[in-house]
Amino acid sequence: MSQLAPVDAGGTASWSSSALTDIVSKLRNGASDINAVASSAPPAPDAGTSSDVVGEALAAVVKSAATASIRMETAADDVDTSKGTYQQTEAENTQKISSAGTSDPDQQNYQNTNYGSPSMVYPG
């Protein structure tokens, strides 16, 4: 599985479209699996005098599963939307850098400092 790495060893922010796609897929598959289990919940068992309590407990479990599934779908939608935002931002910044004819100023700044060295010299 691909991983998101907020900062790599070079000091630049990074993300992976495939990692975000993988997260969306896992969330949607999990929601689908929960729905499948919840929709096939057995009827309340005959538990004698505690049948009402057992039935209520079973109903609460099914309701919780439905809530979890909805939240997983919502999270998947949010991650999918974020992926589009990352792609748009990356494209816009690549265009700006290319148009200016310069290299990435953040990367250049990192290379011109002693960040990560044992002396840990910070500007300012």
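These residues, Lys63, Lys83, Lys26, go from largest to smallest accessible area, 1.4 Å probe, as Lys63, Lys26, Lys83. Counting only protein chain heavy atoms and rolling a 1.4 Å probe, the accessible areas of Asp22, Asp77, Asp46 rank, largest first, as Asp46, Asp77, Asp22. Ordering Glu92, Glu73, Glu56 by accessible surface, largest first, gives Glu56, Glu92, Glu73; the 1.4 Å probe counts only protein heavy atoms, with every chain in place. Within straight-line reach of Lys26, meaning a Cα separation under 22 Å, sit the following lysines at least 8 residues removed in sequence or on another chain: Lys63, Lys83. Rolling a 1.4 angstrom probe over the protein heavy atoms with all chains in place gives the stretch 21-79 an accessible area of 66 Å² per residue.
With both labels modelled 7 Å from their Cα along Cα-to-Cβ, the Ser40 to Ile97 distance reads 5.0 nm.
Split the accessible area of the stretch 37-103 by element, probe 1.4 Å, and carbon with sulfur accounts for 58%.
The values are calculated or read from the model by the stated rules, or taken from the named source; none is laboratory data. The model shown is predicted, which means the values in this text are computed figures rather than measured ones. Because the Cβ atoms are built from the backbone with ideal geometry, glycine has one as well, and the counts that use them run over all protein chains shown. SASA here: full protein model, heavy atoms, side chains in, ligands and nucleic acids out. Shrake-Rupley method; radii C 1.70, N 1.55, O 1.52, S 1.80 Å.
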